[in-house]
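The values are calculated or read from the model by the stated rules, or taken from the named source; none is laboratory data. Keep in mind it's a predicted model, so treat the numbers as computed, not measured. When we count neighbours, we look across all protein chains shown, and the Cβ atoms used for this are built from the backbone with ideal geometry, even at glycine. All accessible areas refer to the heavy atoms of the entire protein, side chains included, with ligands and DNA or RNA removed. Shrake-Rupley method; radii C 1.70, N 1.55, O 1.52, S 1.80 Å.
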Amino acid sequence: MNERDTETIRGLLRQEGYSFTDSPEDADLILYNTCCVRENPERKVYGQVGQLQELKAKKPGLIIGICGCMPQQEEELPVMLERLPHVDLFFGTHNIHRLPELLHRINATGERVVEILDDGGEPVEGLPALRDNDFKAFVTIMHGCNNFCSYCIVPYVRGRERSRTPEAILDEIRNLADAGVKEVTLLGQNVNSYGKDLQSDTDFADLLEMVNEVPGIQRIRFTTSHPKDISDKLIQQLGSLDKVCEHLHLPVQAGSNNVLRRMNRKYTREYYLERVERILQDIPQARLTTDLIVGFPGDTEEDFELTLDMVRKVHDSQAFTFMYSPRSGTAAATMPDQVPLDVKKLRLQKLMELQNARSLAWRKNMLGQEYEILVEGPSKSDPEQLTGRTRGNEIVVFKGTDSMVGKLLTVKITSANSWTLFGELSSQ
Ligand code: SAM
Ligand code: SF4
């Protein structure tokens, strides 16, 4: 979501005549788009922006700004204003479209500008975007979240759910397709509740059907699905719409009903397992991925064992594993029995070991088989090779040429580790 916001920010800046540089020394404006879901990235922002003080002293005309979720937090903003006196601009998640006006104000007055809005209001349409990639794109379908999971800061900094209209979404996707985009990822904190706030009857399953009709688009992905809202209708659509990739990111967070209840997730482990069974019944080739949190307040060894048991029962191809990070203002931050850091670390390590073994087994099952991939570009670990993704969202590294980037090709899987598949091109 933040990456997508950054694309809008870059689009707005380009409209204002800015160009982009990787070197802070060359920049007239340095803008940090921040995330506050966990504490660690927040610490990094203080460290990195703090280091810019010297550059600002040498180059007083430089504008430094911080935007996104961090300044949107009522308690964090005063701390930032005090600890980062050399920062000229603070704005939040609801007023990105106001950036040009805020920059003009700084340039006109030379004074610090702080603008944080409490409420997002109607989604703002028609904003430009500068995307890095020519053939795949994120498309926000809704903003905010109504779920208030007890550990999570998102509803406080992103506001309540606001769906974009199907017309606005389809317009954007048609324009992307006309520009050569082949794959779109529909974004929302809980895409399964798409449309509940709109006058129309369109729900997420209907929206998928509409996007599936857009000529030129060849793959459709979406994230994130809240398990509590995954309906039979949606599962049927996933199985029947040809462009919708068979990958479902379905964060379970924990395996113990006690913990799930205190997390306010509104489902039980039994319900989750039933949904998974139903998905695999309708779509046997489906890939599931998940998010897991260890060390939630009150999480006992027995609770943790139930999370491990969940990982063994549901064969996820990948999981994002997190240590619980208390976020001020959320319900869980003041719950009793916070778990000590060393216990959290041990549990995380154990969980990652199990998940890595499961991910490896998953990938080994793919050996010798052929898969369609969308070629993304040079591999990060070996720039001599290319990387692409299967419909199931697994990364495949293979030997190819630059002209293959952006194409859908078939590869045969020859080896694997827990995170990556290696393959060779099949005769196309
Ligand atoms: N909306 C999505 C959902 O419901 O699953 C996820 C959004 S959240 C930004 C991404 C992931 O971060 C969550 O699934 C959760 O595992 C993790 N997360 C959120 N708050 C956290 C916290 N306070 N500590 C640790 N992990 C957290
Ligand atoms: Fe956070 Fe829960 Fe909303 Fe996801 S559904 S963004 S975890 S509150």
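For region 145-210 versus region 231-267, the inter-centroid distance based on Cα atoms is 16 Å. Other residues whose C-beta falls under 15 angstrom from the C-beta of LYS350 contribute a net charge of -3, scoring Lys and Arg +1 and Asp and Glu -1.
Normalised by the number of residues in region 1-73, the average gap of Cα pairs under 8 Å and 6 or more apart makes the relative contact order 39 percent. Unpaired cysteine residues in the chain (no second Cys Cβ under 4.7 Å): CYS35, CYS67, CYS145, CYS245. Computed over protein heavy atoms with a 1.4 Å probe, the carbon and sulfur contribution to the accessible area of region 17-121 reaches 46%. The residue among CYS35, GLY50, GLY65 whose Cα reaches farthest toward the positive pole of the charge dipole of region 27-159, with charges on the beta-carbon of Lys, Arg, Asp and Glu, is GLY50. For region 330-402, the carbon plus sulfur part of the accessible surface works out to 55%, probe radius 1.4 Å. Suppose R0 equals 56 Å. What FRET efficiency, 1/(1 + (r/R0)^6) with r the Cβ-Cβ distance, do GLN281 and ASP26 give to the nearest 0.05? The formula returns an efficiency of 0.50 here. Accessible area per residue for region 113-205, computed on protein heavy atoms with a 1.4 Å probe, is 43 Å². For LYS182, a cut-off of 17 angstrom between C-alpha atoms picks up these lysines, skipping any fewer than 8 places away in its own chain: LYS136, LYS243, LYS407. Cα centroids of region 1-44 and region 287-336: 30 Å apart. Surface composition of region 128-277: carbon and sulfur make up 48 percent of the accessible area, probe 1.4 Å. Just checking the listed ones, HIS97, HIS226, HIS247: in the Gaussian network model of the chain with Cα springs under 10 Å, the one fluctuating most is HIS97. Dipole size of the chain about its Cα centre, with +1 on Lys/Arg Cβ and -1 on Asp/Glu Cβ: approximately 840 debye, rounded to the nearest 20.
Once you order the gyration tensor axes a ≥ b ≥ c over the Cα atoms, which shape class does region 1-83 get: rounded for a/c under 1.5, otherwise prolate or oblate by comparing a/b with b/c? Taking the square roots of the gyration eigenvalues as a ≥ b ≥ c, region 1-83 is oblate. Normalised by the number of residues in the chain, the average gap of Cα pairs under 8 Å and 6 or more apart makes the relative contact order 10 percent. The calculated 222 nm mean residue ellipticity attributable to helices in the chain amounts to -10500 deg cm²/dmol, summing -39500 (n - 2.57) over DSSP H runs of n ≥ 4 and dividing by all residues.
Selection among THR165, GLY17, LEU306 by position relative to the dipole of the chain gives LEU306 as farthest towards the positive end (Cβ unit charges, Cα centre).
Given +1 at the Cβ of Lys and Arg, -1 at the Cβ of Asp and Glu and no other charges, the dipole of region 1-124 around its Cα centre is 380 debye to the nearest 20.
When you restrict to C-alpha pairs under 8 Å that are six or more residues apart and normalise by the size of region 384-428, the relative contact order lands at 35 percent. Per-residue accessible area (protein heavy atoms, 1.4 Å probe) orders ARG158, ARG278, ARG312 as ARG312, ARG278, ARG158, starting from the largest. Projecting the Cα positions of ALA357, GLN385, PRO284 onto the charge dipole of the chain (unit charges on Cβ atoms of Lys, Arg, Asp and Glu, taken about the Cα centre) puts ALA357 furthest along the positive direction. Basic side chains Lys and Arg get +1 at the Cβ, acidic Asp and Glu get -1 at the Cβ, and with that the dipole of region 212-343 about its Cα centre reaches some 480 debye.
Here the chain has an Rg and Dmax of 22.5, 65 Å, counting Cα atoms alone.
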